[in-house]
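Input: a single structure, listed below in structure tokens.
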Amino acid sequence: MRHLISRLLLAAACCAASLVASATSQPDYLPPWNPPPAGLQFSVPPFDAIADLHGDIVDPQLVVFFAGNQFMVVHDLMDAFKTAYPAYQRIFVETLPPGILAKQIESGSLVMGNLRITHKPDVYTAGKGAVAEKQKQHGWFADTYDYARNPLAILVAKGNPKHIMGLADLGRRDVRVSMPNPAWEGIARQIEASYRKVGGDALDHTIMQTKVADGSTFLTRIHHRQSPLRVLQGESDAAPVWSTEAYFQQQILHHPVETVVIPDAQNALATYTAARLKNAPHEQAAKDFMAFLQTPAAAAIYRKYGFLSAH
């Protein structure tokens, strides 16, 4: 009996070792996807991986709350800003969903894990409509500037195994969809408008209600960057995203995904607006950053990552 137990334990240990080796040999694709090059790196996804807080959180000279889909632009943009305005070297940036950032402004703080952040933004960016809505509700902003545009696309696994040809296919029962949550993701409104262009209210209802109820549509819980990750990890078959997110995954990271283009007649084009807050803690820095966003250097960085000009 003792020998049998020993053999069983040895077999179990070998099996466990094999599973661990198999798991560790598979890429997990977890963010952060663009960590800074300097400093001691201690990022252990999914436990210690703060992908949407960037830069210097201690005594910043400028605080920018960026619409989350621009996380890939932040490092290049801020490096260029520091070069153009060398007086500002300590900059803190958040790239959370605009709805979450707006709630952070309203509440006065953000709690992430055990970290509490009470910084007030000097500049807030979001979709043009969202900025106009917040201005109407609260009168937060001193001035605004439209700086980039972005259409939608569909992200699928390499080889497009479900043969998804367009938005209508996202209503199929066999297609698992990852969808930005309308509760805090502005992109959801544009995507739903595109659903209605393609298949009317019926398609929108199928994807956003019927398939949510049966589990074949997943609504993001934190951020629309969950959608590319779910496709990469095989948890979703298709994800409507901003075209720049698909471009980043393919061109910058070379992840095994590809893009299904949405025709112009069915697409939605978002305009991104930067807004300087009236009560900006670093007023001159906010003015200088707004001026920098209007330069050819800033526009070139956005083009690098696939964004369209706003003008």
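The values are calculated or read from the model by the stated rules, or taken from the named source; none is laboratory data. Just so it is clear, the model here is predicted, and its values are computed rather than measured. Note that we place each Cβ from the backbone using ideal geometry, even for glycine, and neighbour counts take in every protein chain shown.
Take the conditions (1) under 30 Å from ALA298 (Cβ atoms); (2) not in a strand (DSSP E or B); ALA153 misses just one of them, which is (2). Among the residues of the stretch 197-227, the ones that are outside any helix (DSSP H, G or I), out of contact with any strand residue (DSSP E or B) (no Cβ under 6 Å at 6 or more places or on another chain) and within 14 Å of ASP169 (Cα to Cα) come to 1 in all.
Among the conditions (1) touching a helix residue (DSSP H, G or I) at 6+ places or on another chain (Cβ under 9 Å); (2) crowded, with 21+ Cβ neighbours inside 10 Å, LEU229 misses just one, which is (1). PRO281 satisfies every condition listed in (1) surrounded by fewer than 20 Cβ atoms within 10 Å (Cβ to Cβ); (2) within 25 Å of the chain's Cα centre (by Cα) except (2). Out of curiosity, is ALA148 assigned to a helix (DSSP H, G or I), buried (at least 19 other Cβ atoms within 10 Å of the Cβ) and either aromatic (Phe, Trp, Tyr) or in contact (Cβ under 8 Å) with a residue 40 or more places away in the chain (or both)? No.
It is to be established whether one or more residues within the stretch 159-177 are polar (S, T, N, Q), modelled with pLDDT of 95 or more and either in a helix (DSSP H, G or I) or buried (at least 19 other Cβ atoms within 10 Å of the Cβ) (or both). Looking for residues that are polar (S, T, N, Q), modelled with pLDDT of 95 or more and either in a helix (DSSP H, G or I) or buried (at least 19 other Cβ atoms within 10 Å of the Cβ) (or both), one finds none in the stretch 159-177, hence no. Just one of (1) assigned to a helix (DSSP H, G or I); (2) farther than 18 Å from ALA274 by Cα; (3) touching a strand residue (DSSP E or B) at 6+ places or on another chain (Cβ under 7 Å) fails for THR83. It is (3). When GLY199 is tested against (1) in contact with a helix residue (DSSP H, G or I) (Cβ under 9 Å, 6 or more places away or on another chain); (2) among the small types (Gly, Ala, Ser); (3) surrounded by fewer than 18 Cβ atoms within 10 Å (Cβ to Cβ); (4) assigned by TED's automatic domain parsing to the domain that holds GLN226, just one condition goes unmet, and that condition is (3).
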